[in-house]
Structure formats: structure tokens, C-alpha cells
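Undergrad: Next up is a structure, given as C-alpha cells.
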Amino acid sequence: MIYVFAVFAAILIYFSLRSLIGGFEYLRYFRRSLTETPHEFTPFASIIAPCRGVDQGMQENFRALLTQDYPAYEVIFVVDSEKDPAVPLIETAAAEFSNTRLVVAPPAVRSSQKVENLREAVKYVSSGSKVFVFADSDARPAASWLRGLVAPLSDPAIGASTGYRWFISPETTLASELRSVWNASVASNLGPDTRSNFCWGGAMAVTRKTFDDLEIREKWEGTLSDDFALTRVMNDAGMPIVFVPAALTASVEGCTFAEMLEFTTRQMKITRVYAAPLWILSFIGSGLYCTVMSAAVLIAALYPRNGLLVWISLATLAIVSACSIGKAWLRLNAVRMALKDHRAEIGRQYWTQLTLWSLTPAIFLYNAAAALFSRRLRWRGTLYQLKSHRETVIITD
């Protein structure tokens, strides 16, 4: 028993130490990237923002998109119905900002509605647009967001640039903070290694030439996930994906416990279909953590006289905890540098980010298991069945 536990404990400690080292690299990358002189590559850009329903803080999100520190760009909001509750907010924004337009997409048949919205909207971009930028309606970008996303595309060898989300809840609740910590562990998988980066649909950019050359609009057909599909296209073409810390984007909204589980499980179901190796690693990693840490606690409590086994258990708990707290602290300091407009809110997240990491592996394990048994998910009110990464079925309730 001692040897079996010691082996698995050693494996968990090894990965925990690697994760901590990755935290130092993450912080260094943010520091280096955020202190670089802003790039002057600023061609006319088209931001496409699909909407469905009214998100928390949606007016503020729209204003953030429409007041970017960028010479010339347009924002195309796209809905699938003229009766969508977001339309009045879009019309209000359009009355104030002339670089805004509204597109109504047809109901989705073979793709997710978001993907159908994007496929429709790209047909309406200005003829002079050189860069396509994709944003989410529930994200609130900083003023330098667009400039940061576009800058890497000055190199024609770069396939896409991307940011990522950081959840900030207006009110501190257990569910909202758990979602933020869960999401944070995904955020720190992005970094300087362009080979392992992935696109996030709330902040990703690609040149018009690359978009057309790689036939991205056509390859989106039948898919549910715009960002995973774009990541696959870039990987197949051998084109790097650059993560831009300046494009880290705040999502200012709260959630219930049920909404947290729905969100995290949906992400894992999508991951299973579009990036199966990543889903398997998540399954194994979360299972290893939950098994070893639970066993360590039980051993320390139930076998106090077994000196060696208890010491191994206590050492495992101490080392893994120290590495996890250190990683969370490094990551949060990096994020605070990027999200300058939200430093106060992020400062209040220290206690949750440094403690709730101990619970999120159990959530990951639940998500991964749920994805094993079902490919059905609900997104923005529509029920989908994921048959493959190129085949999505819309289910009528």
C-alpha cells in the first residue's frame, strides 16, 4: 500500500512542480509582453460580435468595443432574429457610434447559432477591411484590446492571435468564484508557446487573406465551436497562434451554482469532441488529484501510527498545496497587470483564487465524466447534439 500510494503521490507532486514552474513562465510572459512598445500595424479591422439575449452589463460591454484605442474599425453586431432582446441595445449603440451596424442571420440548420451568425456576418464586412476580429457580447475588453490583437498579424506567417476571458463577479458568491477559479486554470494554459496555444472565440483575430485562403467560413459549416474549429484549421495549416496578454478580457457577470456546472460541463463536452487528447488529460489529471489528495487526508486521519505512510501523506498535501497556491498567486499577479481597469475587483479575488483551487479538480472530474456519457448540451437556449467536430445536430425540445 505504501509503495502504490508513494508512486501516485510522486506523480502528482511532479506535475504540481511543473505547474508552478509554468506559473513563473506565465508571469514573465505577461511582464515582457505588456511592457513592449505598442505596434503600429493598425489596418482597418472588422469586429464581429454575435449576440443572443441580454447579457449582464451588456451596454458597458458594447461601449468598450466601440471606444477602442484604434485608428479605424467597424463593429458588426449579429443576431438571429430582429426580435432579439439585444436589438434595442444595439440600436442605441448605433445611434451614438457611426462605425456600428446590425446583421440578422438566418436560423441555424447544421451549425450552432453562433457559428451561423459569424458565417453570415463576414459577408457584410467593409470591402477595405484587412483583419477580422471576433468578440463575445458578454466580454468587456480594455481600450488597448483591439490594437493588441491585431499587432501579431503584421507577420504574415502568423495564423491567428487570441486573448482569453477572466471572470469577475459583481458580487462574491461561491458559485461565481468557483467558475472564475475553474476558468483561470484553463487561462494559464496559454502562453509563449504558439504550438500549444488555442483560439478563444471572445477575442480572436485573423487577417482577411488568411481567412479566405484557408476557407474558414466554409470550414465553420457544421461546427458548434467557432474557436476550436479555427484552432484546428490553424494547426492543420501549420500556422502559429499567438496569445496576447493585452487581449485578456474581463467577463463581468455572476452565476448560480447550476449555471456554473452547466458552463463548465459544456466546455468539457466541446473539448471532448474537438480536442479529445486534452479531454483525456483533464480526466486523468483531475482523477489523479482527487484520488491522491483524498487518500492522503484519509491516511493521515485513520492511520496515525503508520509513521512512514503518514509522513508521505502529509508531505504530499503540503507540497501540492504550496505549488497550487503559488501557481494561483503568480497567475493572479499576471492577470492584474493586464486588466488594469479591474485591479480592485481582481484584488478581492486573492482569497478565493488561493483557496478554491482545491475544489476545482473535483468539478473538472465531474465535467469530464459527464462528457464521457453525453454529447448533448444547451447553449444560449438551444439544445445541440455533437456528432463530430464537423457535424452538429440541433434538437427541438
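The values are calculated or read from the model by the stated rules, or taken from the named source; none is laboratory data. As the structure is a computational prediction, the values presented were derived from the model and not from experiment. So basically every Cβ, Gly included, is an ideal-geometry build from the backbone, and we count neighbours across all protein chains shown. The accessibility values were calculated without ligands, DNA or RNA, using every heavy atom of the protein model including side chains. Shrake-Rupley method; radii C 1.70, N 1.55, O 1.52, S 1.80 Å.
Undergrad: Treat each spin label as a single point 7 Å out from the Cα along the C-beta direction, and report the Arg380 to Ser154 distance in nm.
TA: Computed distance between label sites Arg380 and Ser154 equals 3.4 nm.
Undergrad: To continue, here is another question. If the only charges are +1 at each Lys and Arg Cβ and -1 at each Asp and Glu Cβ, what is the size of the charge dipole of the stretch 35-96 around the Cα centre, to the nearest 20 debye?
TA: Values: 3 positive and 11 negative charges, 28 e Å.
Approximately 140 debye in magnitude.
Undergrad: Lys and Arg at +1, Asp and Glu at -1: add these up for the other residues within a Cβ distance under 13 Å of Thr271 and post the number. Please report the intermediate quantities before stating the final value.
TA: Working: positive: Arg232, Arg266, Lys269, Arg272, Arg375; negative: Asp227.
Once positives and negatives cancel, what remains is +4.
Undergrad: Can you give the Rg and Dmax of the chain based on its C-alpha atoms, in angstrom?
TA: When restricted to the Cα atoms of the chain, Rg and Dmax are 21.7, 76 Å.
Undergrad: Now, a different point. Between rounded, prolate and oblate, where does the stretch 304-397 land on the alpha carbon gyration tensor, with a ≥ b ≥ c its root eigenvalues, rounded for a/c under 1.5, else prolate if a/b exceeds b/c?
TA: Numbers: a/c = 3.56, a/b = 1.42, b/c = 2.50.
Verdict is oblate for the stretch 304-397.
Undergrad: Can you tell me the dipole magnitude for the stretch 194-282 around its Cα centre, using point charges on the Cβ only (Lys, Arg +1; Asp, Glu -1), in Debye to the nearest 20? Can you show the working numbers first?
TA: Working: 9 positive and 11 negative charges, 49 e Å.
Value, rounded to 20: 240 debye.
Undergrad: By the gyration tensor of its Cα atoms, with a ≥ b ≥ c the square roots of the eigenvalues, what is the shape of the stretch 1-83: rounded for a/c under 1.5, prolate for a/b over b/c, or oblate?
TA: On the way: a/c = 4.33, a/b = 1.89, b/c = 2.30.
Note, shape of the stretch 1-83 comes out oblate.
Undergrad: For the chain, with every protein chain kept in place, what is the accessible area per residue (1.4 Å probe, Å²)?
TA: Accessible area per residue: 44 Å².
Undergrad: Given R₀ = 25 Å, what would the calculated FRET efficiency be for Arg31 paired with Val297, taking r from the Cβ atoms and rounding to 0.05? Could the numbers behind the result be given before it?
TA: Details: r = 37 Å, r/R0 = 1.47.
Working from the Cβ atoms, E equals 0.10.
Undergrad: Using r as the Cβ-Cβ distance of Arg18 and Lys83, and R0 as 45 Å, what FRET efficiency do you calculate, to the nearest 0.05?
TA: 0.30
Undergrad: What does the charge count near Ala237 come to, summing +1 for each Lys or Arg and -1 for each Asp or Glu among other residues with Cβ under 11 Å from its Cβ?
TA: Net charge in that neighbourhood comes out at -1.
Undergrad: Right, here's the next one. Pop a pseudo-label 7 angstrom from the Cα along the beta-carbon direction at both Gln56 and Ser126 and give the gap in nm to one decimal.
TA: 3.5
Undergrad: Let me ask something else. Which one of Trp357, Val292, Thr173 is farthest out on the positive end of the charge dipole of the chain, using unit charges on Cβ (Lys, Arg +1; Asp, Glu -1) and the Cα centre as origin?
TA: Val292
Undergrad: For every other residue with a beta carbon closer than 12 angstrom to the beta carbon of Pro43, add +1 if it is Lys or Arg and -1 if Asp or Glu, then tell me the sum. Working shown, then result.
TA: Numbers: positive: Lys130, Arg147, Arg208, Lys209; negative: Glu40.
Summing Lys and Arg as +1 and Asp and Glu as -1 gives +3.
Undergrad: Using helices alone, what [θ] at 222 nm do you get for the chain, with -39,500 (n - 2.57) per DSSP H run of 4 or more residues, divided over all residues and rounded to the nearest 500? Don't skip to the end; give the middle numbers.
TA: Values: 15 runs with 204 residues, N = 397.
Using -39500 (n - 2.57) per qualifying helix, the result is -16500 deg cm²/dmol.
Undergrad: When only C-alpha pairs under 8 Å and at least 6 residues apart count, what is the relative contact order of the chain, in percent? Show your work: numbers first, answer last.
TA: On the way: 705 pairs, mean separation 87.7, N = 397.
Normalised by residue count, the contact order of the chain is 22 percent.
Undergrad: What is the gain in length, in nm to one decimal, between Ala318 and Asp193 on full extension, counting 0.36 nm per residue of separation less the C-alpha to C-alpha distance? Can you show the working numbers first?
TA: Working: separation 125, 0.36 × 125 = 45.00 nm, distance 3.01 nm.
Going from the current span to full extension adds 42.0 nm.
Undergrad: Next question, about the same structure. Identify which of Ile299, Ile48, Ile346 has the largest mean-square fluctuation in a Gaussian network model of the chain, with springs joining Cα atoms closer than 10 Å.
TA: In the Gaussian network model the winner is Ile299.
Undergrad: Regarding the stretch 352-397, what is the average projected area of its C-alpha convex hull, in nm²? Spell out each step's value before the answer.
TA: On the way: hull surface 18.9 nm².
For the stretch 352-397, the mean projected area of the Cα convex hull comes to 4.7 nm².
Undergrad: If you average the C-alpha positions of the stretch 273-294 and of the stretch 138-203 separately, how far apart do those two centres end up, in angstrom?
TA: 22
Undergrad: Using the crude model of +1 on Lys and Arg Cβ and -1 on Asp and Glu Cβ, and no other charge, please compute the dipole size for the chain relative to its Cα centre, in debye to 20. Show your work: numbers first, answer last.
TA: Numbers: 39 positive and 35 negative charges, 215 e Å.
Magnitude of the dipole: close to 1040 debye.
Undergrad: Once the dipole of the stretch 319-397 is set up with Lys and Arg at +1 and Asp and Glu at -1 on Cβ about the Cα centre, which of Leu386, Thr396, Tyr366 lies farthest towards its positive end?
TA: Leu386
Undergrad: Name the shape class, rounded, prolate or oblate, that the alpha-carbon gyration tensor gives for the stretch 44-179, where a ≥ b ≥ c are the square roots of its eigenvalues, rounded holds for a/c under 1.5, and otherwise prolate holds if a/b is larger than b/c and oblate otherwise. If you can, show how the numbers build up before the last one.
TA: Details: a/c = 1.40, a/b = 1.11, b/c = 1.27.
Note, shape of the stretch 44-179 comes out rounded.
Undergrad: Mind jotting down the distance between the C-alpha centroids of the stretch 219-236 and the stretch 60-118, whole Å?
TA: Rounded to whole Å, the Cα centres lie 22 Å apart.
Undergrad: Would you be so kind as to identify which of Ala328, Ala301, Leu317 lies farthest towards the positive end of the dipole of the stretch 284-354, taking Lys and Arg as +1 and Asp and Glu as -1 on Cβ and the Cα centre as origin?
TA: Ala328
Undergrad: Let me ask another. What FRET efficiency, computed as 1/(1 + (r/R0)^6) with R0 = 35 Å and r the Cβ-Cβ distance, is obtained for Glu40 and Cys290, rounded to the nearest 0.05?
TA: Details: r = 49 Å, r/R0 = 1.41.
E(calc), rounded to 0.05, equals 0.10.
Undergrad: Per-residue counts of other Cβ atoms within 10 Å, averaged by peptide: what ranking do you get for 27-39, 214-226, 381-393, highest first? Mind showing how you got there, number by number?
TA: Working: 27-39: 13.9, 214-226: 19.5, 381-393: 16.0.
In decreasing order of mean packing, 27-39, 214-226, 381-393 become 214-226, 381-393, 27-39.
Undergrad: If you count, for each residue, the other Cβ atoms within 10 Å and average over each peptide, how do 8-15, 334-341, 177-184 line up from highest to lowest?
TA: On the way: 8-15: 15.8, 334-341: 19.8, 177-184: 22.8.
The most tightly packed comes first, giving 177-184, 334-341, 8-15.
Undergrad: Which helices, counted as full DSSP H runs in the chain, have an axial Cα extent of no less than 15 Å and a Kyte-Doolittle average of -0.5 or above? Before the final figure, lay out each step's value.
TA: Values: long enough: 2-34 (47 Å, 1.06); 174-187 (19 Å, 0.47); 226-237 (17 Å, -0.24); 257-274 (26 Å, -0.17); 276-302 (38 Å, 1.83); 307-338 (47 Å, 1.31); 360-373 (20 Å, 1.40).
Flagged H segments are 2-34, 174-187, 226-237, 257-274, 276-302, 307-338, 360-373.
Undergrad: Grab the Cα-Cα distance for Arg217 and Ser98, subtract it from 0.36 nm times how many residues apart they are, and report the gain in nm with one decimal. All intermediate terms of the calculation are to be shown ahead of the outcome.
TA: On the way: separation 119, 0.36 × 119 = 42.84 nm, distance 2.67 nm.
Between Arg217 and Ser98, full extension yields 40.2 nm more.
Undergrad: Would you mind telling me the share, in percent, of accessible area of the stretch 255-362 contributed by carbon and sulfur at probe 1.4 angstrom?
TA: On the way: 3610 of 5200 Å².
With neighbouring chains kept in place, the figure for the stretch 255-362 is 69 percent.
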